[in-house]
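J.: For reference, the structure I am asking about is given below.
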Amino acid sequence: MRRTRVLVAVSLSVFFLALNPVPARAAPILIDWAFNINGEIYESCQGGTLPGGFDDSLFDWESGLGELSLLYRPASPGSSNVVAFFDHELSPGTTSFFYNDYGISGGTPSAGQTWGIDEPGYAFGDIYFNVLSGSLDNENAVPEGLENDVSLAIGWSFTLGENEYARIRWCLTPDPSFIAGYTGLYLAQINELSQETLYLTSMLDICENDSVATPVPEPASMLLFGFGAAGVIAAGKRMKS
């Protein structure tokens, strides 16, 4: 049902763009997103509401660029699983909606980190259903040479003890310097025609009594994002529904 509604909307958007071409935009467009937090699903097509604990002050919901942060405090200690999914359109108004993008992965995943690159489910991809199940396959189904529509997902499985909580960040940027020298896992979506690129990374901190106990390395340019964090703060606090 979800994919049918979204596909109709996409078809109408492509038809409108064909009749009314628009100037090129530097920023991508966030088409769809979803989070699975211990089996609870939050997604854009269900009203676009995220639970408490999320901070989107550095995130722009139109372009899908910036940083989303989640402070996760479970009711009791134990194992947890959190997965995030993002479906962007790169180079909107200048290339066709489908078939022009491919994905790459780089770096080394941290313990408990999972990922996926795939067609988002309009045609053959299973990444969205993997997000719903909370189990990503750590595979790139849309490599260079097999261009299609591309979506990205990164998740974490971790265990929290008594009085511990998790801070998870997902960072999206078009700036290649963001991952320069970065050895952790990163995913990228690349448009073969425009060569525009979107990078996705994620960090997990296990915290206790407000002090970071187990940090995961992050890029040195975390708070810069290469596209001007000040602009994102000013423009980015509207949820995309």
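J.: Which cross-chain or sequence-distant (5 or more) residues have an amide H under 5 Å from the amide H of residue 59, H modelled 1.01 Å from N in plane?
T.: 67
J.: Something else: Could you run the Karplus curve 6.51 cos²θ - 1.76 cosθ + 1.60 with θ = phi - 60° over the range 64-72 and give me ³J(HN,Hα) per residue in whole Hz, x for Gly and Pro?
T.: x, 10, x, 10, 10, 10, 10, 9, 10
J.: Rank the residues 199, 72 as a footprinting-exposure proxy: fewest other Cβ atoms within 10 Å of their Cβ go first.
T.: 72, 199
J.: Where does each of 201-207, 122-128, 81-87 land if you order them by average Cβ count within 10 Å, highest first?
T.: Details: 201-207: 20.9, 122-128: 18.1, 81-87: 22.9.
Most protected by this proxy first, the peptides run 81-87, 201-207, 122-128.
J.: Each residue of the range 182-191 in order: what ³J(HN,Hα) in whole Hz does its phi give by Karplus 6.51 cos²θ - 1.76 cosθ + 1.60, θ = phi - 60°, with x for Gly and Pro?
T.: Computed from phi, the couplings for the range 182-191 are 7, 9, x, 5, 9, 10, 9, 10, 10, 8 Hz.
J.: Can you list residues from other chains, or at least 5 along the same chain, whose modelled amide H is less than 5 Å from the amide H of residue 184?
T.: It is 108, by chain and number.
We did not get these values from a lab; they are worked out from the coordinates using the rules stated. Fair warning: this is a prediction, and the values are worked out from it, not measured in the lab. Virtual Cβ from ideal backbone geometry, glycine too; neighbours counted across all protein chains shown.
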